[in-house]
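The values are calculated or read from the model by the stated rules, or taken from the named source; none is laboratory data. Being a predicted model, the structure only gives us computed values, none of them experimental. Backbone-built Cβ (ideal geometry, glycine too); neighbour counts: all protein chains shown. With ligands, DNA and RNA removed, areas are computed over all heavy atoms of the protein, side chains included. Shrake-Rupley method; radii C 1.70, N 1.55, O 1.52, S 1.80 Å.
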Amino acid sequence: MSIQAVLFDHDGTLVNSEPVHLELWNTVLSKYGVQLTDQQYKDLYAGVPTPANASDLVSRFGIPTDAAALAEAKNLETVRYLEQQSFPLMPGVFQTVTSFHRLGLKLGVVTGASANGVRVTLRANEFESLFSLTVSGDDVLRSKPEPDCYLLALERLSLQPEDCVAIEDTEHGLRAAAMAGIKCLAIPIVMSKHHDFSLASAVLPNMNAAFEYIQRVYLGRAREA
């Protein structure tokens with residue numbers, strides 16, 4: 001069994017952004033007297049695209065604005081954050097990305113979030129030349145957990161599902177990859193460890209473990225870095 005490409009989710013997989021997103025949401029929600037706890041964010045909003053989160057927040061808390069306006073306010077806060085800094089990389093990501101590139105694999109980012117955060121991550125870490133494509137929520141009508149973003153990635157790479165493996169940190173992302181027919185490894189984080197990862201090919205503790213798994217299972221020892 002062999003693969004030609006590794007497709008990474010962004011938030012929570014490549015970068016440790018979920019705690020930042022919670023802070024940014026609370027900045028937006030403070031205008032309405034609402035604050036999310038860590039547990040509420042973990043249970044309801046981690047790994048879910050901004051428009052869907054905004055819709056739920058308006059409904060759940062009776063926020064006197066529409067979902068589109070709330071999502072736009074959150075997006076503006078995210079832009080302000082990213083103008084000053086990039087999200088920090090998750091442990092093991094830099095080594096894993098550079099090692100996969102040396103092995104000749106195509107690399108992609110497939111995210112339900114906006115493209116801006118991905119651009120900042122790639123630029124800040126000098127990853128731009130290492131990734132063959134990025135697909136974001138801006139590129140599709142239906143974001144994760146629908147499979148559209150992964151199907152678009154396959155189309156742009158001219159690859160079949162069996163040629164790829166995805167890496168995700170949430171149930172939403174895992175379902176999107178699985179519905180596209182792509183093998184998916186799950187690396188749960190604190191925000192998502194309670195999710196259902198039964199569709200994953202393997203549930204692993206960190207990115208270094210994912211790298212070792214892919215070498216052993218999908219590449220064979222002959223292609224170890």
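For this structure, a couple of remarks:
- One residue stands out in segment 29-58 among those that are under 22 Å from HIS10 (Cα atoms) and among the hydrophobic types (A, V, I, L, M, F, W, C): the one that is most open to solvent (accessible area, probe 1.4 Å), namely LEU44.
- Condition met for PHE94 (in contact (Cβ under 8 Å) with a residue 24 or more places away in the chain and under 28 Å from GLU146 (Cα atoms)): no
- The set of residues in segment 111-128 that are part of a helix (DSSP H, G or I) and closer than 12 Å to VAL15 by Cβ comprises GLY117, VAL118, VAL120, THR121, LEU122, ALA124.
- All positions within segment 108-158 that are within 15 Å of VAL79 (Cα to Cα), touching a residue at least 60 places away in the same chain (Cβ under 8 Å) and open to solvent by 20 Å² or more (accessible area, probe 1.4 Å): ALA113, SER114
- The number of residues in segment 12-37 being assigned to a helix (DSSP H, G or I) and among the aliphatic types (A, V, I, L, M) comes to 5.
- Within segment 46-72, considering residues that are in contact (Cβ under 8 Å) with a residue 24 or more places away in the chain and in a helix (DSSP H, G or I), the one farthest from ASP196 (Cα to Cα): LEU70
- Members of segment 159-175 found to be open to solvent by less than 10 Å² (accessible area, probe 1.4 Å) and under 11 Å from the mean Cα position of the chain (by Cα), listed by number: ALA166, ILE167, GLU168, ASP169, THR170, GLY173, LEU174
- Scanning segment 85-107 for residues that are assigned to a helix (DSSP H, G or I) and either of a type in the set (Phe, Trp, Tyr) or surrounded by fewer than 19 Cβ atoms within 10 Å (Cβ to Cβ) (or both) yields a count of 7.
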